[in-house]
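The values are calculated or read from the model by the stated rules, or taken from the named source; none is laboratory data. All values derive from a computational prediction rather than experimental measurement. Here the Cβ positions follow ideal geometry from the backbone for every residue, glycine too, while neighbour counts run over all protein chains shown. Quick note on the areas: whole protein, heavy atoms, side chains included, nothing else; ligands and nucleic acids left out. Shrake-Rupley method; radii C 1.70, N 1.55, O 1.52, S 1.80 Å.
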Amino acid sequence: MAATNDGNKDRHQQWYDPDLEEVNPEIRSLLENYSKVPPADVVKHVNKINPYPCIGHYRFLNLTLLTHPLYQEIIRRLKSNPSSVYLDLGCCFGQDLRQLVQDGVPSSQLIGLDIEGPLMDLGYELFLDQKTMESKFLVADIFKGESQGEPWTSLVANGADVIHCSAFFHLFPLNEQIEAAKNIAQLVKKGGIIVGRQSGSVKPGEVPAIKPGSTSFRHDVETLTKMWDQVGSETGTKWKVEGSLDEVGMKGKKNPVEDENSRRLLFTITRLE
Ligand SMILES: C[S@@+](CC[C@H](N)C(=O)[O-])C[C@H]1O[C@@H](n2cnc3c(N)ncnc32)[C@H](O)[C@@H]1O
């Protein structure tokens, strides 16, 4: 997601929703209880964060990890083992990390990673926690993997128990998803999991992407399993893929990137070997 903010909302109207009149109950609760924003100021506070194009659609207000069926199990795992590590790939503002902290996971166990450093900086502005948040926020490119040296090399050396990777793979065609997945595979400890939510399809395949001439691949559970079988055989690892397709959050014709085959894909990918 290329962020090209020139600070002028008027020039990029198509990328922005109008200022919000209300926010969803989950993010309201997080901003009131975690960030201590007075209830009457929550909407004003969100509207004043100067968003990037794309981010202007306020997608960072959706707490995706919270909707994953393993959410409570992830909290249990992280709390029961203080040396366990949660890594959020493509973390954007780091909104899902803040929800974990609000639910009792020490922020020092959590790492956010994104190619866009300014998004993670804006996260501090939104959640007002620069002084208390101990999580590391790393700027790195998932596609470059170990070739970029630090911080990727340290991530590989330490490994993660839980990786959250939502709304990321679906941005890319299948061949690029496989390259990204091979790099991500290096980061997962044996027995660790990759969880997430992304756009899936009952008719899996490449679909036109937002960038003219490019495509992105939408999976069902079968094609996702096949992809991770390939990743496993090319990296000397082994994975179990579980997932489901449903219609939660589908906007149909109101969303120009959805079609009648679009579904929400929730997945859990466990590293077996
Ligand atoms: C659609 S947003 C999803 C954000 C969040 N995970 C969620 O579920 O709402 C995709 C995120 O991936 C990041 N991203 C895109 N390409 C990346 C790359 N090559 N390496 C690391 N992060 C990347 C973007 O900057 C953006 O924050």
Tell me, what is the FRET efficiency for residue 202 and residue 66 to the nearest 0.05, using R0 = 25 angstrom and their Cβ-Cβ distance as r? 0.50
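Return an integer: the convex hull volume of the alpha-carbon atoms of the chain, in Å³ per residue. If you can, show how the numbers build up before the last one.
Numbers: hull volume 36.0 nm³, N = 273.
Spelled out: Cα convex hull of the chain, divided by residues, is 132 Å³.
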Total charge of the residues flanking residue 67 in space, meaning their Cβ is under 12 Å from its Cβ, with Lys and Arg +1 and Asp and Glu -1, is -1
Could you report the accessible area of residue 168 in Å², rounded to 10, computed with a 1.4 Å probe on the protein chains as they sit in the structure? 20 Å²
Residue 82 neighbourhood, Cβ < 14 Å, K/R = +1, D/E = -1, net charge +1
Under 17 Å Cα to Cα from residue 240, which aspartates and glutamates show up? Leave out anything in the same chain fewer than 8 places away. 161, 220, 222, 229, 273
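Once you charge only the Cβ atoms, +1 for Lys and Arg and -1 for Asp and Glu, what is the size of the charge dipole of the chain about its Cα centre, to the nearest 20 debye? Present the calculation step by step, with values, prior to reporting the outcome.
Values: 30 positive and 37 negative charges, 76 e Å.
Result for the chain is approximately 360 debye, rounded to the nearest 20.
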Computed from the beta carbon distance with a Förster radius of 35 Å, FRET efficiency for residue 79 and residue 32 to the nearest 0.05 stands at 0.95
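If you take the beta carbon distance between residue 141 and residue 253 as r and set R0 to 45 Å, what does 1/(1 + (r/R0)^6) give as a FRET efficiency, to the nearest 0.05? Let's see the in-between values first.
Numbers: r = 34 Å, r/R0 = 0.76.
Plugging the Cβ-Cβ distance into 1/(1 + (r/R0)^6) gives 0.85.
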Net charge near residue 192: determine it from the other residues with C-beta under 11 Å of the C-beta of residue 192, scoring Lys and Arg +1 and Asp and Glu -1. +3
